[in-house]
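Contents: one structure, followed by commentary.
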Amino acid sequence: QVQAVESGGGLAQAGGSLRLSCAALAASGTTFSINAMGWYRQAPGKQRELVADITSGGRTHNVDSVKRRFTISRDNAKNTVNLQMNSLTHEDTAVYYCNIRGTIATTGPAELTIDDFSSWGQGTQVTVSS
């Protein structure tokens, strides 16, 4: 019901920067509330891992490997989360996935249903050359 759409990936030189964006989209008339948004990444042959996340109130958490280089931010009004990546290294090369968690309300014939949701984006490739 809620989908995450990423953009901003691409090729960067070592030491360069990229900015990733992710927008939460839903069908018109759907009511949802975002509790947290995060960025994960998956390098070839490795498991998907958390990079950074942020709550709707703005509390952030970054893993140590990116804490001084990446900055996560959000725009609640636009249902968007961003990841500013600076001082990129070859080790940052991965597919980056957006994850959005919250609640969604749907109205049935005789009831209102509120469910938790967790939506993953399709991923955006980030490649950093040496």
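The values are calculated or read from the model by the stated rules, or taken from the named source; none is laboratory data. Quick caveat: nothing in here was measured; it's all calculated off a predicted structure. Glycine also receives a Cβ, built like all others from the backbone with ideal geometry; neighbour counts cover every protein chain displayed. For accessibility, only protein heavy atoms count, side chains too; no ligands or nucleic acids. Shrake-Rupley method; radii C 1.70, N 1.55, O 1.52, S 1.80 Å.
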- Give the residue that is most open to solvent (accessible area, probe 1.4 Å), with candidates limited to residues of the range 1-48 that are assigned to a loop (DSSP other than H, G, I, E, B) and among the hydroxyl-bearing types (Ser, Thr, Tyr). Ser28
- Just checking, how many residues over the range 76-127 are in contact (Cβ under 8 Å) with a residue 40 or more places away in the chain, among the hydrophobic types (A, V, I, L, M, F, W, C) and exposed (fewer than 14 other Cβ atoms within 10 Å of the Cβ)? 1
- Task: For residues that are of a type in the set (Ser, Thr, Tyr) and over 30 Å from Ser33 (Cβ atoms), tally how many sit in the range 64-91.
- Result: 3
- Message: Looking only at residues that are part of a loop (DSSP other than H, G, I, E, B) and modelled with pLDDT of 95 or more in the range 60-102, which one is nearest to Glu49 (Cα to Cα)?
- Response: Thr93
